[in-house]
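Written below as structure tokens is the structure these notes are about.
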Amino acid sequence: MRVTVQDIMTTEVASVNGSTPFKDIAEVLIAHGLSAVPVVDAENHVLGVVSEADLLCKEEFRERYYAEGYELPMRAQLRHRLSEEGPELRRKAAGDTAAQLMTAPAVTVPATVSAVTAARRMDEHGVKRLIVVDNDGTLQGVVSRRDLLKVFVRPDADIHRAIREDVLECSPWAQTAGVTVEVHQGVVTLSGWMSRRSEALLAVRLAAVVDGVVDVIDKLRWKHDDTWGGP
């Protein structure tokens, strides 16, 4: 059974509304040890998200225009001048409330998707956490990179059972009685015999995507090489 976002997400989530002042947002982030907080309306629908970076835009631009002798690092200057983020950064620097500071729309994910899907979405958008919403966009929780790591602390016995029962024993594509499964610290070793090389390769691939598997060591042998180029 695949681990879903619902299995690992945090459900007790700090949030702010659109009228929450700048300093109150900063206090929420500090008090809860967060890097970002969702912005919701009166019905708890997610409107956007305010991050530490959004708040720091104000300080960055204050220094840029008012500090004597201060010059932005060249990297920041190029980002402001050449990228599409320039106007957005200036807007946030002038903001005083969550509605003016937030990034919208927020990067969200349904609770029903797999942990793998959530990880890919984080990577795609370059974020450290995802806001979890239902079909109506109502806040359900938050899933972070740390939450995703929970997948990899799955007990070896559970991984062994999943590979044996969900991958090997219920597979209509091969005879797997001759396969031995060993798991240590999330590393799976498959050994023994299978009828065809293609079946052995498939067994390795399927074992590798079981939640909690760190790596798969392939020690399987086969009787017939039915792959391209085999005898």
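Would you check if there is a residue in the range 23-30 being of a type in the set (Lys, Arg), surrounded by fewer than 17 Cβ atoms within 10 Å (Cβ to Cβ) and under 19 Å from the mean Cα position of the chain (by Cα)? The answer is no, given that none of the residues of the range 23-30 is of a type in the set (Lys, Arg), surrounded by fewer than 17 Cβ atoms within 10 Å (Cβ to Cβ) and under 19 Å from the mean Cα position of the chain (by Cα). Annotation note: of 13, 5, the sole residue that is closer than 19 Å to residue 108 by Cβ, modelled with pLDDT of 90 or more and touching a Leu at 6+ places or on another chain (Cβ under 7 Å) is 13.
On the basis of being surrounded by 15 or more Cβ atoms within 10 Å (Cβ to Cβ), outside the structural domain of residue 109 (by TED's automatic domain parsing), out of contact with any Lys or Arg (no Cβ under 6 Å at 6 or more places or on another chain) and in a strand (DSSP E or B), does residue 190 make the cut? Spell out how you get there, then give the answer.
Values: surrounded by 15 or more Cβ atoms within 10 Å (Cβ to Cβ): yes; outside the structural domain of residue 109 (by TED's automatic domain parsing): yes; out of contact with any Lys or Arg (no Cβ under 6 Å at 6 or more places or on another chain): yes; in a strand (DSSP E or B): yes.
Answer is yes for this residue.
Within the range 200-211, the set of residues being more than 26 Å from residue 8 (Cα to Cα), in contact with a Leu (Cβ under 9 Å, 6 or more places away or on another chain) and touching a residue at least 24 places away in the same chain (Cβ under 8 Å) comprises 201, 203. Looking at the range 93-103, is at least one residue of a type in the set (Asp, Glu), in contact with a strand residue (DSSP E or B) (Cβ under 8 Å, 6 or more places away or on another chain) and modelled with pLDDT under 90? Yes.
The values are calculated or read from the model by the stated rules, or taken from the named source; none is laboratory data. Everything numeric here is computed off the predicted structure, so don't read it as measured data. Because the Cβ atoms are built from the backbone with ideal geometry, glycine has one as well, and the counts that use them run over all protein chains shown.
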